[in-house]
There are 2 protein chains.
Amino acid sequence: MNPDILKERQNATFDVEKLTNMLDGGPEKTKRRREIESMVLNDPDFKEEDPNFLSRSERYDQAVRKSALMILKLREYGIADPEEIYCYKNMARGSSHEALGLHFVMFIPSLHSLCDPQQARKWLPLAESYQMMGTYAQTEMGHGTHLRGLETTATYDPATQEFVLNSPTISSIKWWPGGLGKTSNHAVVLAQLHTQGNNHGLHAFLVQIRDMKTHLPLPGIVVGDIGPKFGFVEVDNGFLKLENVRIPRDNMLMKYAKVEPDGTYLKPPSAKLTYGTMVFVRSMIVGESARALSKACTIVIRYSAVRHQSEIRAGEPEPQILDYQTQQYKLFPLLATAYAFHFVSQYMKETYHRISGDISGGDFSELPELHALAAGLKAFTTWVTNAGIEVCRMSCGGHGYSHSSALPNIYVDFTPACTYEGENTVMMLQTARYLVKCYRQAKAGQRLSGIVSYLNEADHQSVRPQPVAAGTTGVDINDLASLVEIYKRRAAILIELAAKSIQQELQHKSQEEAWNANAIDLVRASDAHCHYVVVKIFTEKVGQIENAEIHSVLSDLGLLYALHGITNNSGDFLQAGLLRVPQVLQISGRIKQLLSQLRPNAVALVDSFDFNDRKLNSVLGRYDGNVYEHMFEWARRSPLNNTEVHESFHKYLKPLRSKL
Amino acid sequence: MNPDILKERQNATFDVEKLTNMLDGGPEKTKRRREIESMVLNDPDFKEEDPNFLSRSERYDQAVRKSALMILKLREYGIADPEEIYCYKNMARGSSHEALGLHFVMFIPSLHSLCDPQQARKWLPLAESYQMMGTYAQTEMGHGTHLRGLETTATYDPATQEFVLNSPTISSIKWWPGGLGKTSNHAVVLAQLHTQGNNHGLHAFLVQIRDMKTHLPLPGIVVGDIGPKFGFVEVDNGFLKLENVRIPRDNMLMKYAKVEPDGTYLKPPSAKLTYGTMVFVRSMIVGESARALSKACTIVIRYSAVRHQSEIRAGEPEPQILDYQTQQYKLFPLLATAYAFHFVSQYMKETYHRISGDISGGDFSELPELHALAAGLKAFTTWVTNAGIEVCRMSCGGHGYSHSSALPNIYVDFTPACTYEGENTVMMLQTARYLVKCYRQAKAGQRLSGIVSYLNEADHQSVRPQPVAAGTTGVDINDLASLVEIYKRRAAILIELAAKSIQQELQHKSQEEAWNANAIDLVRASDAHCHYVVVKIFTEKVGQIENAEIHSVLSDLGLLYALHGITNNSGDFLQAGLLRVPQVLQISGRIKQLLSQLRPNAVALVDSFDFNDRKLNSVLGRYDGNVYEHMFEWARRSPLNNTEVHESFHKYLKPLRSKL
């Protein structure tokens, strides 16, 4: 092991294994996770070429091979628990995606939730034995988040008892569904249902797109890959153009709405609360944010411990770059953020499961809050993580640009999370809609419960921008609880500001125009609300830690997270009179102290995430710190080095000389 | 043409062609640029496959072919003016880099500046006829910015009158030089010179690495490609390991220092001010920032004019996404920034040329300021642009992830600018060093000239953090000159804060430790200084515009740039008492007004950049706005669509069914 990184580990003040257990949810969970991971590590079938050296077609091929392999292995090992399946696949996938991902995540669940019992009996066994391989085709080239705008049509023809599906315009071509391009032979297609001369809006139809034996596209189906992308290189996101494609009447998924043989449309019996899955997926994304940022931090902090550069004191050896204050200032707040997001993800999971229980019992009361929180936190955590990964990458200097660092791939594979499952700005505005509604209810004297109950607090009437010097703030910048309080008040003020501004504009604008004219402030208010929630959860989780050493270091991290957020938004806090100028200066000083305090534990804090080297796949982030020899070894395997002389020399450069 | 984008153009309030002329530097410059561009556009030799569909080896091949072609064409057309060569190459390269880029930018210039007359006579003709194809090998695997840390050795052997070159460690392997992997047969190698038992520090040596006929690596040379990277896909950044490579004594570049046949080392006659080139290159990068951000803005703003999504008013057709306030708030400040950076780039170019004249005349007085400014502005503009490109990309929704948008490539090809030619944080600290020095001089009563003269101003003693409510600020938020003034005072305050804090720490720390302990504040001070300079130059340039309509729209842009910067840093302005709370709220309102005011001119403002469609290579950013049909056409050419059924179906998915 590299002696620098060994020394770092010797200097840590806490027991890494104990913190790992905490993150996993207990020592037995850590043990089982490692067991499952080692099934993959010890399996020669999962040995493979670094995807960075392969063409897109080869990478797709590799992903399909692994998808098939994982199905067989999971059966062989009898792994059936969803969390364990996740863990196994997570390791087996490595840095690539599952070719059949949408089949599991969207196709089968759609059949489950949208089929009537007869349809389910017929189709689910076919899907579960991979005769059917499916995807979910909703978005179109011209339409993303706004479902009502989708243009694909399914027109019922009573003469043949069939639906005729069409893509009436170029912009109506289905676009983006994962696995649609080459892998799937079926798709659940969302289309505008027309029957008896009426449009009944969006409904789901099961459409076969390829022959189940030959895999060739069926007549009327124009299907293919949408071309190379930023990230998700090995995924065949596809397009689907429907040209008078006829499907039997009972290929409409009829659990709710129905079309009778004569074309009569039967409305669904009740508008269902169907956003449970959406909430679940967005909560999962919060966890993905935590994982992605933890990975990036692991790589850059380990590398910063073995990399020596420049000089702090003239004539002395080059210091570890982790000793530079600027490097610490870039990385430690992100490390704190990674921990914050882990805790928030745990909280979301717990809350989701608790509320799911309530919902089964018929109690929907907490769902709107969770829905609003999931939307906002999805946006908040993905934006922060997205920018944070790039800070980590660029903090590795030149080597952060090499694919051997893994950081470019972590970025491109994470960044779509800012857009999929709800575009982030749209998400923030959704949360804002909920917050403004709550604010108005509170104003009208209603008692709010849950996280938004702060909008009820007596003093919210007085929370308004005020001169910074007015009054004493009584804030203790070393006390997390005190900081939670001012984050809360900041959120309350920004929500109130936005709500009042809308109210004002309503005098001469429509509801919708007034909303759009204040969208900037609404996003800002949502952001402040989410920031408050994160600081609050971090603080609560830290409070629950019993181990004294871990409690101490995580308290420092929590404090750094909260104070760093304040300096980055100091205008808000000053403007609202929540802090005064000397306190802001004090906070800058305190942050520097915290950086120094955290410095000896930095490597141990990323070790605690316990990413296996194979999972990281980064020469810079190796556990043993032996960076340079592995970077050299990796580079020599680059395909451009397959020959000593590239053919282009003979084709262009040699002839050039004679032409001059 | 798409009717939406046509309408946008009809609504513009100014003459696009006139603004284009302004950006080019006059109508005759625009004309000549278009002439040169059309040479490429009409040349069938430059027709080629979209690099997004090619493997790395094919992309390298394409780049080499084009490099050779450009050399021949430029001779054929007799284009010799550096600006015209740049323009021709810029168009011909498309979105790829020049395979022989380092040969022109570093190898030949190094020979020019470091050879003695005899060496120059011998080698330059070989380099100019491409017998020699070279690169510049400075950075090593373990060493980037800190030159003294480089480990490669050149040990003089008087017995044979040769230097023996070695890479004594893994970390000493030369790493990153462009064109080193496969293209070059020579390299200027930087190595520690050892002779007669002494190390005389870094010197430059001409080392042949490949046979000039067969192109095979010579004995003792281990050379190759460093592997795939984020961006620069087609460039063969290389590694070079030297194993007892012997070169003749006169392959040391001897313009300054010399080694005599017996091994006697002769020091260079004087320490030369050699950072002229560095300043030039960094100034060029400011221009690259402007261009990259302009390109990204062109794509996203045109696309936002043709994309319709969701609804502002219920029941009405989906609006152009450019009508959403949140979209405007993301994009228009970036558009303003692109204009700001164009003007700063013009300023840097003018200043460089003016000072170059002074330097030839022996007057070096302005060089330190320009050097500091180039370092800081390189960092400031690349960081802002780097983040800005991603905002543009993500503002295109899902399609921003497709390579058909061109935005992913604009990002990955731009982001290295944050690291090469001086890592940004290091650059900011370099500027800070200059600023602190100037501050101390001013404190000591010296009169400063140039941009930093504001550190002299009488009131700088009173610029210190103060309660926000104290005094009236007298700032007119609608007056650019007034805003320049507060940006200036903010910079002065932050420089003073950092300088004083260092002074304080010097009581119990060494100079270097005190510096490192305040690095965060020093970076912040540099950033504020650069921000001031940008606002100042923007304001001055706007003041020079004679055309009333253009003056009006660029004044709005300038104001938006300045006010947006203030809200993003409102803590600084409040803290320093430069603004008061009601003014900050007023500014938010004013920004919303400016967004609405600029809305009708947004497309015209990006049209003015006059990027040819071929250069943009973006289906989203097409001049005619016909986005969707071209996206479909592009996707169908994706290599994964070469066959209807991918072989992986037969290899893995079909067999899977039978194994279950």
* Structure fact -> Mean other chain Cβ within 10 Å across B:520-527 is 2
* Asked: What nm distances, shortest first, do you get from the label point of B:T13 to those in the other copies when the point sits 7 angstrom along Cα to Cβ?
  -> 6.0
* **Which listed pairs, of A:K66/B:K330; A:K18/A:K229; A:K89/B:K654; B:K89/B:K437, have C-alpha distances above 32 Å, in listed order** => A:K66/B:K330; A:K18/A:K229; B:K89/B:K437
* Asked: Given a 1.4 Å probe and every protein chain left where it sits, what share in percent of the accessible area of chain B is carbon and sulfur?
  -> 53 percent
* Would you work out which of B:V259, B:S304, B:S638 lies farthest towards the positive end of the dipole of chain B, given +1 charges on the beta-carbon of Lys and Arg and -1 on that of Asp and Glu, about the Cα centre? => B:V259
* Asked: Which whole-number value in Å² is the accessible area per residue of segment A:92-143, probe 1.4 Å?
  -> 37 Å²
* To do: Note the buried accessible area between B and A here, summed over both chains, with a 1.4 Å probe, in Å² to the nearest 100.
  => 11500 Å²
* Asked: Residues with amide H under 5 Å of B:Y420's amide H, sequence separation 5 or more or different chain, H placed in the peptide plane at 1.01 Å from N; which?
  -> none
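Determine the dipole magnitude for chain A: charges of +1 sit on the beta-carbon of Lys and Arg, -1 on that of Asp and Glu, nothing else is charged, the reference point is the Cα centre, and the result goes in debye to the nearest 20.
I would put it at about 860 debye.
What do you get for Rg/Rh over segment A:299-362 if you use C-alpha atoms and the Kirkwood form of Rh?
Looking at segment A:299-362, the ratio lands at 1.41.
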* In terms of solvent-accessible area of protein heavy atoms at a 1.4 angstrom probe, what is the ranking of B:L585, A:L483, highest value first? -> B:L585, A:L483
* Spherically averaged projected area in nm², based on the convex hull that wraps the Cα atoms of the protein assembly as shown -> 50.4 nm²
* To do: Please quote Rg/Rh for segment B:512-635 to two decimal places, taking the Kirkwood radius as Rh and restricting both calculations to Cα atoms.
  => 1.12
* Normalised contact order of segment B:62-190, rounded percent, pairs of Cα under 8 Å and 6 or more residues apart -> 25 percent
* Take every residue in peptide A:384-393, count the Cβ atoms of other chains within 10 Å of its Cβ, and give the average of those counts. => 1
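Other chains near B:315-322: what is the mean number of their Cβ atoms within 10 Å of each residue's Cβ?
For this peptide, the per-residue mean of nearby foreign Cβ atoms is 1.
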* Asked: Considering only protein heavy atoms, what per residue accessible area in square angstrom results for segment A:333-405 with a 1.4 angstrom probe?
  -> 27 Å²
* To do: Kindly give the semi-axes, whole Å and largest first, of the ellipsoid equivalent to chain B, taking each as the square root of 5 times a Cα gyration tensor eigenvalue.
  => 43, 37, 24
* Relative packing of peptides B:178-188, B:55-65, A:229-239, B:31-41 - highest average C-beta neighbours within 10 Å first -> B:178-188, A:229-239, B:55-65, B:31-41
* Using +1 at the Cβ of each Lys and Arg and -1 at the Cβ of each Asp and Glu in segment B:51-164, identify which of B:Y130, B:A68, B:Y156 lies farthest towards the dipole's positive end. => B:A68
* **Size of electric dipole in the protein assembly as shown: Cβ of Lys, Arg +1 and of Asp, Glu -1, about Cα centre, debye, nearest 20** => 40 debye
* With all protein chains modelled, accessible area of B:T30 [1.4 Å, Å²] -> 0 Å²
* For B:G450, label point 7 Å along C-beta direction: distances to other copies, nm -> 5.9
* Which distances in nm, rounded to one decimal and ordered from shortest, link the label point of B:P109 to the equivalent label points in the other identical copies, with labels set 7 Å from Cα toward Cβ? -> 5.4
* To do: When you have a sec, figure out the Kirkwood radius of segment A:250-408 from all distinct Cα pair distances and drop it here in Å to one decimal?
  => 19.1 Å
* To do: Would you kindly work out the equivalent ellipsoid of segment B:374-440 from its C-alpha gyration tensor and give its semi-axes, the square roots of five times the eigenvalues, largest first in whole Å?
  => 32, 11, 6
* **For chain A, calculated [θ]222 nm from helices alone, where every DSSP H run of n ≥ 4 adds -39500 (n - 2.57)** => -17000 deg cm²/dmol
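Cα-Cα pairs above 25 Å in segment A:1-132: how many percent?
47 percent
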* Structure fact -> Packing-ranked peptide list from B:553-563, A:258-268, highest mean Cβ count within 10 angstrom first, is B:553-563, A:258-268
* Can you give the Kirkwood hydrodynamic radius for segment A:188-306, in Å, rounded to one decimal and based on Cα pairs? -> 18.8 Å
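The values are calculated or read from the model by the stated rules, or taken from the named source; none is laboratory data. Just so you know, these numbers come straight off a predicted model, no measurement behind them. Cβ: placed from backbone, ideal geometry, glycine included. Neighbour counts: every protein chain shown. Note: accessible area is taken over every heavy atom of the protein model, side chains too, but ligands, DNA and RNA are not part of it. Shrake-Rupley method; radii C 1.70, N 1.55, O 1.52, S 1.80 Å.
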